[in-house]
Every structure is written in C-alpha cells, then in structure tokens.
Amino acid sequence: MSYDWSVVWRNADVLWEGTKITVFLTVTTMVVAVPGGILLALMRLSRIKVLKAASVTFVEFFRNLPLILVIYTAYYILPVATGLRFSPITTAIVALSLNVSAYNGETFRAGIASIRKGQSEAGYALGMSRTRAMFEIVLPQAIRRVLPVLASTWVSLFKDTSLVSVISVGDLAFESMRVRSQTFRILEMLTAMAVIYWLLGYPQAKLVDWINKRSRVTE
Amino acid sequence: MIGTQAGNRRGEGGSVPTVTYKDIRKRFGTFDALTGVSIDVYHGEVVCLIGPSGSGKSTLLRCTNGLETMDSGDIKLDGKSLPKNWNGMRSVRQRMGMVFQNFELFPHKTALGNVMSGPLSVLGKPRNQAEQRAMELLRKVGLADKANSYPAQLSGGQQQRVAIARALAMDPEIMLFDEPTSALDPETIGEVLNVMKQLAQEGMTMIVVTHEMTFARRVGNWIVVMDRGAIIEQGTPTQIFDAPQKERTREFLSHLGWSG
C-alpha cells in the first residue's frame with residue numbers, strides 16, 4: 001500500500017476552514033453555557049420551588065442523554081415540532097449549549113456550595129441583601145474555585161464538537177471525512193485530523209494543568 | 001438584684017437599655033441552645049458573655065442581628081422589638097457590626113476592598129469617600145500599610161483587625177464580637193484585644209463572646225456567665241471574678257486557671 005500525503009496539502013484550505021468552525025463552535029458554546037450554567041445553579045439554589053424544579057429537570061435531562069442524540073433531535077425533530085428552522089451551525093450551537101450548560105450548572109452549584117456559610121453571613125452582617133451577597137461575595141469565589149473544572153469541560157467540548165459533523169456542519173471532522181470520501185485516502189486524512197486536533201488540544205490541556213496548579217493556593 | 005451593687009455599670013439608672021434580651025429560647029432539634037435568657041445592655045457598655053463551649057453564647061449573639069432565629073422571646077433595640085422580616089433585619093444589621101471567630105474576610109478583595117465593601121454596596125457611598133474612610137479605619141487598627149494586601153497574605157491577627165475595620169466602616173452603634181480571638185495564634189491575640197480595648201474606651205457599645213478572662217475582667221463592664229443555654233449569674237467583673245456566687249461559675253473559672 002502506498003501513501004499519498006499530498007492529499008493533505010492539496011486540501012489544506014478546506015481543513016483550515018473546518019478548524020476555524022471547530023474553534024468557533026467551542027468558543028460560542030462556552031460563551032452561552034457559562035452564563036447558562038450560572039443561571040441554572042442560581043435557579044437550583046433559589047427558594048422558589050418552580051425555578052428549582054425547572055433547573056433540576058433541565059440538568060438531569062440533558063446531562064444524561066448522549067450528545068449525538070441531542071444533536072440529531074435538534075436537527076430533525078425540533079424544526080418539525082416548533083416550525084423554527086435554523087442553519088446546521090446554529091442547531092449545533094443550540095445542542096452543544098444545552099448539553100454543556102447542564103454540566104456547567106452542576107459545576108457552579110457545587111462551587112457555590114463549597115463556599116463557607118460564614119462568607120455570606122459576613123455579607124448579611126454588613127446589611128447586604130441575599131442577591132447582593134451572592135453576586136458580590138459567593139459567586140466570584142465559586143467561579144475561581146471551579147475554574148479547573150470549567151477548563152476541562154472546555155477541552156472535552158473542543159473534541160466533542162466533532163459530533164456535529166453528523167448534521168453536515170463543516171467542522172474539522174466533517175471536512176476531513178469529506179476529503180476522505182472523495183479521495184479514498186482514509187489513513188492520510190485520519191492522521192491529518194488527529195494531528196490537528198492534538199496540536200490544538202494539547203496546549204489547552206496543558207493550560208488546564210496550569211490553572212489547576214495555580215488555583216490550588218487560594219484562601 | 002446583683003446588678004445594683006457595684007455601681008460601675010455605665011448607663012444604668014438612665015433611660016432605656018440599648019439592647020434588651022427577654023426570655024430568649026432556641027432549640028436545635030433536641031438540643032436546648034437557649035432556655036430563657038434575659039440580659040440588659042446599656043449604652044457605651046462592654047458586656048462579656050463567658051462560659052464553656054456549647055453554652056449558647058454565640059447563638060445568643062447571632063440572634064441579636066438575626067443570623068440565627070429564636071424560637072421565642074424578644075430582643076429590643078432602643079426599646080423597639082427587632083423586625084421579624086428579612087428586609088427589616090437588614091436595616092438593623094447596618095446598625096450593628098459583627099466580628100466573626102474565623103474573620104470571614106472576603107478572600108477575593110484586598111484589605112481596603114473588604115473595609116469598603118459595606119459602604120460601597122450597602123450604603124451606596126461614592127468610591128473616593130468610602131476609600132478615604134476605609135483608609136482612616138485601617139490606620140486606626142494599625143494596618144494602613146496593608147491596604148492592598150489580600151487576606152491570604154495577612155496573619156490571623158491582622159485579618160481580624162481588618163475585619164473589625166470592615167465592621168466599623170458601617171458606623172455601627174453596637175459591635176458584636178463572636179469569639180474574636182479563638183482562632184488566633186497566641187502571639188497575635190494581644191493586638192486584636194488592644195483594638196477592642198481602644199474601641200471600648202471610645203465608648204462603643206460592645207457585646208463580646210470570649211474566653212479571654214483577662215480582657216473580660218479589665219475591659220468588661222458587665223459579665224454574663226452562661227452554661228447549657230442558661231445564665232448562671234451576671235454581675236460586674238469584680239463580683240464575677242472575685243466573689244462568684246455560684247458553684248458553677250467557680251468551677252468554670254478555676255477550670256480556666258483563673259486565680260482572681
């Protein structure tokens with residue numbers, strides 16, 4: 001069997017476009033899912049029962065479904081059910097955000113719960129309202145504390161975005177597979193894909209390690 | 001009956017006590033934390049609550065600013081019962097500073113940021129005004145040079161002095177101290193007690209839960225001895241430390257190695 005690596009160079013522009021989409025999906029999803037996760041955590045800790053129940057339902061639903069199922073459902077069922085039709089990339093962001101928000105919700109809930117009760121009491125003792133104490137005292141500390149978890153969620157997300165290739169979003173995985181089916185150069189394309197994912201993923205993983213090490217010395 | 005003897009109780013005989021606790025009761029599950037406690041605190045007075053751990057001192061203190069709810073009884077501030085709702089309590093808390101055993105400084109803010117946090121976010125003071133006052137207070141507790149340090153960079157004693165400054169920044173009428181030196185290394189206890197002593201000399205009304213008997217004796221005007229959720233006896237420092245009437249008080253003091 002002979003290899004033809006030139007197929008990779010000849011399709012470099014396509015792979016570059018795919019890589020940009022992969023990065024875009026990761027960043028956009030996190031931009032939605034971090035506030036989403038905070039909102040879910042605050043709802044979960046709220047004394048209003050309806051909000052609490054809604055948050056628990058949402059988190060347990062999306063956390064326990066395979067991501068690929070959510071992606072397929074958002075793509076095929078949602079437009080029929082709601083009459084709304086989104087582009088594949090918007091659909092992908094919606095599906096990823098639902099999944100990652102659920103995870104982040106749990107992360108933030110645990111982070112908030114890890115802050116000593118005395119901290120909010122110190123705020124109350126100064127005359128702060130519950131909301132004020134949450135946003136000014138508890139949440140900033142909780143976010144710092146869960147930074148390592150968020151960072152590893154980020155790295156997982158970066159790789160999981162490849163699942164959206166099943167609904168024809170032109171990300172790195174989709175473009176690589178397309179070139180493969182046109183050229184039948186499967187080993188070359190899989191290798192190229194692996195190298196690109198790894199080269200982008202490794203620095204992120206190292207960054208997570210660095211954040212982990214740094215955040216250990218708080219309080 | 002005891003309170004009328006020794007006469008160095010400030011404000012007594014005057015008008016209304018600043019804080020009145022009347023028959024305060026509190027239960028945690030099957031544990032009786034407070035079983036009917038009544039105390040009067042007069043303006044400008046330093047009242048020290050002493051007694052073994054678990055005797056209800058801290059619970060009583062925390063009822064004063066509503067961090068703990070009581071099952072029954074009445075706490076009056078300047079003759080008016082404390083409000084029952086959270087928002088009413090918020091305005092009462094602004095009139096009482098509280099210092100915690102574990103300091104509870106906000107670790108993500110500098111010393112200056114901690115001291116400014118009340119005036120900025122509760123009173124809505126302008127930043128430069130809040131900062132000026134905060135610097136004054138840090139100077140007062142001897143930590144002006146640590147204004148930009150984070151709590152993690154300060155010793156326990158320094159952290160507690162910042163916490164005192166943070167409480168004072170709200171210009172409270174009353175200061176509540178919940179075992180302010182219990183979490184400190186022995187060598188830093190003195191610096192915190194000195195700040196408290198200075199406050200007392202300036203006429204601040206203070207309610208202090210403490211195990212520091214020397215402080216209670218020298219700075220306190222009124223000593224309340226508690227055990228198992230009840231008051232064993234209360235009186236002036238002289239009465240309590242030199243001539244305790246109750247066997248339980250004598251036991252407690254001798255257990256701490258107090259020899260008078």
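The values are calculated or read from the model by the stated rules, or taken from the named source; none is laboratory data. All figures in this text were calculated on a predicted structure; none of them were measured in a lab. Virtual Cβ from ideal backbone geometry, glycine too; neighbours counted across all protein chains shown. For accessibility, only protein heavy atoms count, side chains too; no ligands or nucleic acids. Shrake-Rupley method; radii C 1.70, N 1.55, O 1.52, S 1.80 Å.
The set of residues from segment A:16-58 being surrounded by fewer than 19 Cβ atoms within 10 Å (Cβ to Cβ) and of a type in the set (A, V, I, L, M) comprises A:V23, A:V27, A:V31, A:V32, A:L39, A:L45, A:I48, A:V50, A:L51, A:A53, A:A54, A:V56.
Go through segment B:170-260 and tell me which strands (runs of 3 or more DSSP E), entirely inside it, have 3 or more residues that are out of contact with any Cys (no Cβ under 9 Å at 6 or more places or on another chain). Here the list reads B:174-178, B:222-227, B:230-235.
From the list A:V32, A:V50, exactly one residue is farther than 15 Å from A:A95 by Cβ and of a type outside the set (S, T, N, Q). Which is it? Selected residue: A:V50, the only one of A:V32, A:V50 that is farther than 15 Å from A:A95 by Cβ and of a type outside the set (S, T, N, Q). Can you find a residue in segment A:99-117 that is within 30 Å of B:E173 (Cβ to Cβ), in a helix (DSSP H, G or I) and either more than 14 Å from chain B (Cβ to nearest Cβ) or open to solvent by 60 Å² or more (accessible area, probe 1.4 Å) (or both)? Yes: segment A:99-117 contains one or more residues that are within 30 Å of B:E173 (Cβ to Cβ), in a helix (DSSP H, G or I) and either more than 14 Å from chain B (Cβ to nearest Cβ) or open to solvent by 60 Å² or more (accessible area, probe 1.4 Å) (or both). Of A:L78, A:L67, all but one fail to be under 16 Å from A:L96 (Cβ atoms), surrounded by 14 or more Cβ atoms within 10 Å (Cβ to Cβ), free of Cβ contacts under 8 Å to residues at least 24 places away in the same chain and not polar (S, T, N, Q); the exception is A:L78.
Output yes when any residue across segment A:91-110 is without any contact (Cβ under 8 Å) to a residue 40 or more places away in the chain and more than 30 Å from A:F174 (Cα to Cα), and no when none is. Checking segment A:91-110: at least one residue is without any contact (Cβ under 8 Å) to a residue 40 or more places away in the chain and more than 30 Å from A:F174 (Cα to Cα). When restricted to residues that are open to solvent by less than 60 Å² (accessible area, probe 1.4 Å) and more than 25 Å from B:Q158 (Cβ to Cβ), segment B:63-77 contains 10. Of all the numbered requirements in (1) hydrophobic (A, V, I, L, M, F, W, C); (2) more than 30 Å from A:R132 (Cβ to Cβ); (3) over 16 Å from the mean Cα position of the chain (by Cα); (4) not in a helix (DSSP H, G or I), A:L65 misses one, and that requirement is (3).
The numbered conditions (1) within 14 Å of chain B (Cβ to nearest Cβ); (2) touching a residue at least 40 places away in the same chain (Cβ under 8 Å) are all true for A:T153 except (1). Screening segment A:141-158 for residues that are β-branched (V, I, T) and closer than 30 Å to B:L105 by Cα and picking the one that is surrounded by the fewest Cβ atoms within 10 Å (Cβ to Cβ) gives A:I143.
Of the listed requirements (1) within 14 Å of chain B (Cβ to nearest Cβ); (2) free of Cβ contacts under 8 Å to residues at least 40 places away in the same chain; (3) under 28 Å from the mean Cα position of the chain (by Cα), A:L147 misses just one: (2). Taken together, the residues in segment A:22-63 that are in contact with a helix residue (DSSP H, G or I) (Cβ under 7 Å, 6 or more places away or on another chain) and in contact (Cβ under 8 Å) with a residue 60 or more places away in the chain amount to 16.
Looking across A:T19, A:T28, A:T57, one residue alone is more than 30 Å from A:E136 (Cβ to Cβ) and of a type in the set (S, T, Y). It is A:T19. Which of the residues that make up segment B:60-77 are without any contact (Cβ under 8 Å) to a residue 40 or more places away in the chain and either part of a strand (DSSP E or B) or in contact with an Asp or Glu (Cβ under 8 Å, 6 or more places away or on another chain) (or both)? Answer for segment B:60-77, where residues must be without any contact (Cβ under 8 Å) to a residue 40 or more places away in the chain and either part of a strand (DSSP E or B) or in contact with an Asp or Glu (Cβ under 8 Å, 6 or more places away or on another chain) (or both): just B:L67. In a residue-by-residue description of segment B:213-222, the property of being without any contact (Cβ under 8 Å) to a residue 40 or more places away in the chain and closer than 30 Å to B:V122 by Cβ applies to no position.
For (1) out of contact with any strand residue (DSSP E or B) (no Cβ under 9 Å at 6 or more places or on another chain); (2) modelled with pLDDT of 95 or more; (3) open to solvent by 10 Å² or more (accessible area, probe 1.4 Å), each residue gets a yes or a no:
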residue: B:M175; (1), (2), (3): no, yes, no
residue: B:E179; (1), (2), (3): no, yes, yes
residue: B:P186; (1), (2), (3): yes, no, yes
residue: B:Q198; (1), (2), (3): yes, yes, yes
residue: B:M204; (1), (2), (3): no, yes, yes
residue: B:T210; (1), (2), (3): no, yes, no
residue: B:Q234; (1), (2), (3): no, yes, yes
residue: B:W258; (1), (2), (3): yes, no, yes
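Within segment A:122-135, being surrounded by 20 or more Cβ atoms within 10 Å (Cβ to Cβ) and either assigned to a helix (DSSP H, G or I) or in contact with a helix residue (DSSP H, G or I) (Cβ under 6 Å, 6 or more places away or on another chain) (or both) holds for A:A122, A:G123, A:Y124, A:A125, A:L126, A:G127, A:A133. Restricting the first member to segment A:1-20 and to residues that are within 21 Å of A:S165 (Cα to Cα), and the second to residues that are hydroxyl-bearing (S, T, Y) and outside any loop (DSSP other than H, G, I, E, B), the beta-carbon pairs closer than 7 Å and six or more apart or on different chains are A:V7/A:T183; A:L15/A:S176; A:G18/A:S176. Exactly one residue out of A:M30, A:M1 is at pLDDT 90 or above and out of contact with any strand residue (DSSP E or B) (no Cβ under 8 Å at 6 or more places or on another chain), and it is A:M30. Of the residues making up segment B:121-134, those that are open to solvent by less than 50 Å² (accessible area, probe 1.4 Å) and within 11 Å of another protein chain (Cβ to nearest Cβ) are B:S121, B:V122.
Within segment B:78-106, being facing another protein chain (nearest Cβ under 8 Å), in a loop (DSSP other than H, G, I, E, B) and crowded, with 18+ Cβ neighbours inside 10 Å holds for B:Q94, B:F100, B:E104, B:L105, B:F106.
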